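The values are calculated or read from the model by the stated rules, or taken from the named source; none is laboratory data. These numbers come from a predicted model, not from an experiment. Here the Cβ positions follow ideal geometry from the backbone for every residue, glycine too, while neighbour counts run over all protein chains shown. Quick note on the areas: whole protein, heavy atoms, side chains included, nothing else; ligands and nucleic acids left out. Shrake-Rupley method; radii C 1.70, N 1.55, O 1.52, S 1.80 Å.
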Amino acid sequence: QGRIEFDAVTFSYGNQRNALVNLSFVIEPGQTVALVGESGAGKSTALALLYRTFDPDSGTIKIDGIDIREIKLDSLRGNIGVVFQEAMLFNRSIAENLAIGAPDATKEQMVQATQAAEAYDFITRSANGFDSVIGERGRSLSGGERQRLSIARAMLKDPPILILDEATSALDSGTESKLLRALDVVIKNRTTLVIAHRLSTIRGADKILVLDHGKLIESGTFDELMALN
Ligand code: ADP
Ligand code: ADP
């Protein structure tokens, strides 16, 4: 479950240039695929189309053989966990932020998820712990802390499809490698699409797709792509 298929997808933001041109690829259920390419290559656009922030101008995107335009938006998004570089957190308690996407999560599950995401320590350091409010008057979190919290949130949601958009790039490489090991558990058996720059992050992917100016120019394993150069 969680097979993703892009078939001849073309999209433009309304200007002359196409952000994606005739993009086709398949991600088999449980595979981890890394999207790489220079800034402006179309990586974030591909993710936005999968999440239906926008729809393609032409071509189709399917999940498990179903055109995503035929899937109810709530249901589509309920099946996709997203961790962005800019963690989206709200002016609410840490617990409430964690429970977005997993309203029934127990305290114990929150503890587990935040421990796995290396977020438990900075949460418990605060006087009110999970109840402390994030935001101007509450607890201020560093970029890395925000990101670890949003990774814990995705772990709690436990969706069949996971999108990591520069999810670990604000972390120092020591914290990142610890987190990647924790993420391994989450990523296993889950269709995962990763956008990352660090070679260490993309090395373990089952397949790497290289985008350039909206086009797929190479695809293969890390070793296959290295052999080309
Ligand atoms: P990447 O994620 O690989 O850096 P993007 O998908 O963000 O690339 O961008 C692909 C192309 O679409 C670029 O030419 C970029 O300038 C353009 N683009 C991205 N977002 C917008 C937007 N909101 N409005 C107009 N153009 C955009
Ligand atoms: P940042 O996220 O700040 O751009 P990273 O730490 O993720 O940087 O990347 C480390 C270095 O690897 C950067 O200097 C970047 O230019 C380079 N890099 C980025 N993408 C790739 C890639 N696909 N293959 C090889 N090197 C890359």
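Observations on the structure shown:
- Globularity index of the stretch 1-113 is 1.23 (Cα radius of gyration / 2.2 N^0.38 Å, N = number of residues).
- Aspartates and glutamates whose Cα lies under 12 Å from that of LYS157, excluding same-chain neighbours fewer than 8 positions away: ASP104
- Kirkwood-based Rg to Rh ratio, the stretch 56-111, C-alpha trace: 1.10
- Computed log₁₀ I(q)/I(0) - Debye formula, equal Cα scatterers, no solvent, the stretch 71-229, q 0.10, 0.15 Å⁻¹: -0.39, -0.82
- Taking the C-alpha atoms only, the angle from helix 143-157 to the longest principal axis of the chain is near 80 degrees.
- Computed over the chain: relative contact order in percent, which uses C-alpha pairs under 8 Å that are six or more apart: 29 percent
- If you take the alpha carbon atoms of the stretch 77-147 and fit the smallest convex hull around them, that volume is 94 Å³ per residue.
- Accessible carbon and sulfur surface of the chain relative to its total accessible area, %, 1.4 Å: 46 percent
- Accessible area per residue for the chain, computed on protein heavy atoms with a 1.4 Å probe, is 51 Å².
- In degrees, nearest ten, helix 107-116 long axis to first principal axis of the chain (Cα): 60 degrees
- Each Lys and Arg Cβ is given +1 and each Asp and Glu Cβ -1; about its Cα centre, the stretch 52-183 then shows a dipole of about 280 debye.
- Residue of ASP212, ASP57, ASP158 that the Gaussian network model of the chain assigns the largest fluctuation, springs spanning Cα pairs under 10 Å: ASP57
- Whole-number percent relative contact order across the stretch 54-162, with pairs defined as alpha carbons under 8 Å at least 6 apart: 39 percent
- Net charge in the neighbourhood of GLU5 (other residues with Cβ under 11 Å of its Cβ; Lys, Arg +1, Asp, Glu -1) is -2.
- Principal axes of the stretch 151-229: Cα extent on each, largest first, Å: 38, 28, 22
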